[in-house]
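Step one of this worksheet: look at the structure below.
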Amino acid sequence: MQETFTQILSDHSVVAPLVFIAIRALAIIIPPIPGVLVDIPGILAFGWFLGFIYAEIGIMLGAMVAFWIARRFREPFIGKFVSLQRLSNWEKKLSDTQRFWGLVAIRMPTNPLFDLISYAAGLTGISPLKFFFSTLIGNVPSVFLFFYFGGLSFNKGIYYSVAFIIALFILWLAFQKVLWKNIDQE
């Protein structure tokens, strides 16, 4: 699937960035789609820098759409994905400024939960502008590192590429273990 997607992006250079951005946004709007499956072909088709720029546009577009879906359909829809009681407790404890920087902090280490956090934020009192900038500030470092080091590894050859993908998988597993351990303790 990734090879086909990469080939399509390479063959259609005029519309490829728009297609990539749209698919990257859909990976946020539809939570089960892992963004990394879109990002790797993006690195291969556009290089690390343009891939990063296009991915970030798609990620931000998807995050804002998820935020607005949550604002529109509220608790009945979002309650299927997020603990509304925890969200309410979290929002009551924090000031507006703390919510902004809290969202920035949550975004940095929790990219596997990026989609759900975008939906959950739509239920809080945070303004769309503050949501946008907290998401951007919290998201750019990890996406930049992923694309930069992903681009380096793919340029070095197949062994580096495989090592990069294995390292990502191990980090993802470790993060999931820590995350679920923390959730179970709450």
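Bear in mind these aren't lab numbers, they're just calculated from the coordinates by the rules spelled out. Worth saying up front: this structure is predicted, and the values here are computed from it rather than measured. Note that each Cβ is placed from the backbone with ideal geometry, even for glycine, and that neighbours are counted across all protein chains shown.
Can you tell me the FRET efficiency between L152 and I57 if r is taken as the Cβ-Cβ distance and R0 is 22 Å, rounded to the nearest 0.05?
Values: r = 22 Å, r/R0 = 1.00.
According to the calculation, E is roughly 0.50.
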Fill in: Extension reserve of the L129-I33 stretch, reckoned as 0.36 nm per residue once the Cα distance is removed
32.0 nm
Discussion item. Using Cβ counts within 10 Å as a stand-in for footprinting exposure, how do R24, R74 rank, fewest first?
Written reply: R74, R24
